[in-house]
Every structure is written in C-alpha cells, then in structure tokens.
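To start, the structure under review is shown below, and the notes come after it.
The values are calculated or read from the model by the stated rules, or taken from the named source; none is laboratory data. Just so we're clear, the structure is a prediction, and the values are computed from it rather than from any experiment. Note that we place each Cβ from the backbone using ideal geometry, even for glycine, and neighbour counts take in every protein chain shown.
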Amino acid sequence: MRLLFSLILVILITSSCNQPGCYSNSNEILNDKDKNSWAYQHELMRLIEENPSDVTYYFERRAEINGESFIVMNCYGPDFCGELKTKFVHKNLESIKLQNQGWKGAKLIGVEFKRVKLDSGHEVFAFEKLTRISD
C-alpha cells in the first residue's frame, strides 16, 4: 500500500507541471547575456512582440530587484525561451492570485502585456491581461 501511495504521489508531482525545458536557444543575446541584464530583458520583449500568440508562459517566482517588485516567468516561443521579469498594472482576480500564492510551474493563459517605463528609465512588460492560471 505504501508503495502504491508513493507511486501515485510521484505521478501527481511530475504531472502537475508540464512546462517544457529550455534546451536550446537560437538567439545569441539570450544565450550570452545574464537573465537579469537589460539587454537580455529587452531582447526577450522584442521576440515576444514579434509573435505574441506563439508564446507560452509559466510562473516562476516573485522577485524584488533594485527595490522593484516583479513577477518572473519562463516563456517559450518558436525559436527561443527565456526568463521574463514583468510588472503588474492591471489587477484582476488571476493576477492577484499570482502575487499572493505560490504557483511555481503553473501555466499562465491569456497573457497580454503593455510596455511601462520604470523610474530607472528602462522599459519592462506589465500585465494588461491574465485570463487563467492552469496548475
């Protein structure tokens, strides 16, 4: 019985997150730059804007960077993958859930962004819409 319970638990844990791995990235900037650099973040934003409907997003964590609160997510496009830092502007029930609960690995559905400028002068994406969190 204990073995069966352990097997079921392992299956549930591994199936709860169907996030793909980032095994190869054809983008030189994403390969060479640090994930926290502005060059990396701006290149990732550019790639997402080229084909926003072909990108999938997964919640990674909340982070405090240089005194600013961010939602960090993994994003996967046709030829790239990366770690995107985003801000919240539009708050609906789903976005509030991300700020208040642990959803690591959850797929974010219906994500739409708009560009906002930080006090530092750098632009980042901010949530315009988040339809659903699929855990």
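Within the range 64-86, residues that are touching a residue at least 40 places away in the same chain (Cβ under 8 Å) and buried (at least 17 other Cβ atoms within 10 Å of the Cβ) have Cβ atoms under 6 Å from residues that are charged (D, E, K, R) and outside any strand (DSSP E or B) in these pairs: E83/K35, counting only partners at least 6 apart in sequence or on another chain.
The residues of the range 22-62 that are of a type in the set (D, E), closer than 25 Å to I109 by Cβ and in a helix (DSSP H, G or I), listed by number, are E43, E49, E50, D54. Taking the criterion of being surrounded by 11 or more Cβ atoms within 10 Å (Cβ to Cβ), modelled with pLDDT of 85 or more, assigned to a loop (DSSP other than H, G, I, E, B) and of a type outside the set (G, A, S), the residues of the range 97-121 that qualify are V111, L118. For the range 115-129, a tally of residues being free of Cβ contacts under 8 Å to residues at least 40 places away in the same chain and closer than 17 Å to V72 by Cβ returns 1.
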